1. Looking at (1) part of a strand (DSSP E or B); (2) surrounded by 14 or more Cβ atoms within 10 Å (Cβ to Cβ), find the lone condition where residue 71 falls short.
2. Output the residues belonging to the stretch 56-86 that are in contact with a strand residue (DSSP E or B) (Cβ under 6 Å, 6 or more places away or on another chain) and under 17 Å from residue 125 (Cβ atoms).
3. For the condition modelled with pLDDT of 95 or more and buried (at least 20 other Cβ atoms within 10 Å of the Cβ), what is the one hit in 93, 130, 89?
4. Consider the stretch 29-55. How many of its residues are within 15 Å of the chain's Cα centre (by Cα), more than 18 Å from residue 116 (Cβ to Cβ) and crowded, with 19+ Cβ neighbours inside 10 Å?
5. Which residues, counting only those in the stretch 4-20, are in contact (Cβ under 8 Å) with a residue 24 or more places away in the chain and either touching a strand residue (DSSP E or B) at 6+ places or on another chain (Cβ under 9 Å) or surrounded by fewer than 12 Cβ atoms within 10 Å (Cβ to Cβ) (or both)?
6. Scan the stretch 99-109 and tell me whether some residue there is touching a helix residue (DSSP H, G or I) at 6+ places or on another chain (Cβ under 6 Å) and within 26 Å of residue 136 (Cα to Cα).
7. Does residue 26 meet the test of being modelled with pLDDT of 95 or more, in a loop (DSSP other than H, G, I, E, B) and surrounded by 15 or more Cβ atoms within 10 Å (Cβ to Cβ)?
8. Can you name the residue in the stretch 105-127 that is more than 15 Å from residue 5 (Cα to Cα) and within 12 Å of the chain's Cα centre (by Cα) and, of all such residues, is surrounded by the most Cβ atoms within 10 Å (Cβ to Cβ)?
């Protein structure tokens, strides 16, 4: 049974991502499952560090983007969601192609949420594990 409180399509999520950092770095939402969200991001000049590897900060941008969007989908009405803490453990480098993030809830509360985001390279190697804590704000 889906736990999303808001209706959404991939087209809607990707449309909202234009004109900001999400669109600038090429993040694209690719799957919206009953209890997970997936997105990809290119490994290119926008997202690599000077030595040609995926920048750790770019991985964090992907993770926070996914967790924040998932958090928003679990809110309702005029509520918004903001990130309050994020961490990332980088385990494998990526030099080319696209990375794929998979976001799943660890906890969804009335006021806070905790999301785990795993980022994989094209060969399926786990590159990064991130945890994002979000706060739900009533307006």
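The values are calculated or read from the model by the stated rules, or taken from the named source; none is laboratory data. Given the structure is predicted, the values throughout are model-derived calculations rather than measurements. Don't worry about glycine lacking a Cβ; one is built from the backbone with ideal geometry, like all the others, and counts go over all protein chains shown.
1. Residue 71 satisfies every listed condition except (1).
2. The answer is 56, 59, 62, 63.
3. Numbers: 93 fails: buried (at least 20 other Cβ atoms within 10 Å of the Cβ); 89 fails: buried (at least 20 other Cβ atoms within 10 Å of the Cβ).
Testing whether each residue is modelled with pLDDT of 95 or more and buried (at least 20 other Cβ atoms within 10 Å of the Cβ) leaves just 130.
4. 1
5. 4, 8, 13, 17
6. Of the residues in the stretch 99-109, the ones touching a helix residue (DSSP H, G or I) at 6+ places or on another chain (Cβ under 6 Å) are 101, 103.
Among the residues that remain, those that are also within 26 Å of residue 136 (Cα to Cα) are: 101, 103.
Yes, that holds for at least one residue.
7. Working: modelled with pLDDT of 95 or more: yes; in a loop (DSSP other than H, G, I, E, B): yes; surrounded by 15 or more Cβ atoms within 10 Å (Cβ to Cβ): yes.
It is true that residue 26 is modelled with pLDDT of 95 or more, in a loop (DSSP other than H, G, I, E, B) and surrounded by 15 or more Cβ atoms within 10 Å (Cβ to Cβ).
8. 119
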